[in-house]
Amino acid sequence: MEEIDLRELISIFMRKKFLIIIVVIITSIIGAIYTLNFIVPEYTSTASLILAQVNELTAIDATKSITSTDITLNSNLVGNYMELAKSKLVASQVIENLKLDMDLKTFQSGVSITTLEDTEVIRITVTNVDPQLACDIANEIAKVFMEKTEYIFKVSNVHIVDIAEVSDTPSNINLLKNTFISAFLGFILVSAYILLINMLDTTVKTDTDIERILKVPVLTSIILSDDSVKKKTKSKSKFKFKSKSKNKTEEKKESLENK
C-alpha cells in the first residue's frame, strides 16, 4: 500500500482548505435547520422515590404482614421494585386513571425507570411531546407504584423524594450539539473525498513523485519561471506570424505567375 507522508498530507489539506471550510459551513447550516424545523420537541419530567425502613406501626396489617425487620432494603429489593414500576400492572392502571388514548406499548416506550448506583433511590422519567402530560404521567406512576407495593408487599416503605414538574425546555433538542456533529460529519466527508481524489490521481507533480515511481534519485530539476514561459509563448506566436506572412507572400507570387 502506498505510504502518505504527513507533510504531504497536510499540504494537500492546506491546498483544499477553502473547500473544507465551505463544506463544514454548509453541513453546519443543514444541521441547524434540521434541528429547528424537523425534530419534534419532546419534554421530560422526573419523579424520585426512595426505599426507607419502616416500623411495625406503619404496616397495613401488623398481625399478618411482614415486619420491617424482615425486609432488608438491598439491591435485590430495589431491583424487584423497579420491575414492578415497569410492569403492565402499573402501566395499565395509570392509563386508566388518566384516561389516556394510547396503547400499553406506546405508553411504556416513553417511560424509563432507573436507580442511582449504590442507593435505594428510584427515578421515574417520562418523555412526551406534551410537557404537562409527561409531568402528570410521572406523578401518577409514582402514586400507583406506591399503592401496588403496599398491596403486594404489605408494607409501606416507599416515599416520594421529588415530585415531577412541568418542563419548558425540550429534552431532545440541542442546537449547539447537533450543529457541531453536523460540522464534524461534513469535515469527515470532505476529508475522505480529498484523500480519495488524491489517491486516484496518478499524475506526476513533484520530484518526489518521480523518485517514488522510478526508484531513482533526482539529481537536478529545472524550474520554469513566469518570464521563461512568457518568452516561449512570444517566440511561438512570432514563429506562427512569420509562417503566415511567408505563406501569403508565396500565394501572391503564384497568382502573379499564373497571370
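Taken together, the values in this text are just the output of simple stated rules run on the coordinates, not laboratory data. Everything numeric in this text was worked out from a predicted model, so none of it was measured. All Cβ positions, even for glycine, are placed from backbone atoms using ideal geometry, and neighbour counts span all protein chains on display.
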Would you mind putting 145-158, 36-49, 104-117, 126-139 in packing order, based on average other-beta-carbon counts within 10 Å, highest first? 126-139, 145-158, 36-49, 104-117
In this model, which of Lys99/Lys143; Lys16/Lys177; Lys86/Lys177; Lys86/Lys148; Lys105/Lys154; Lys99/Lys154 are farther than 22 Å apart at the alpha-carbon? Lys16/Lys177; Lys86/Lys177; Lys105/Lys154; Lys99/Lys154
So what's the gap between the Cα centers of the stretch 121-166 and the stretch 21-49, to the nearest angstrom? 29
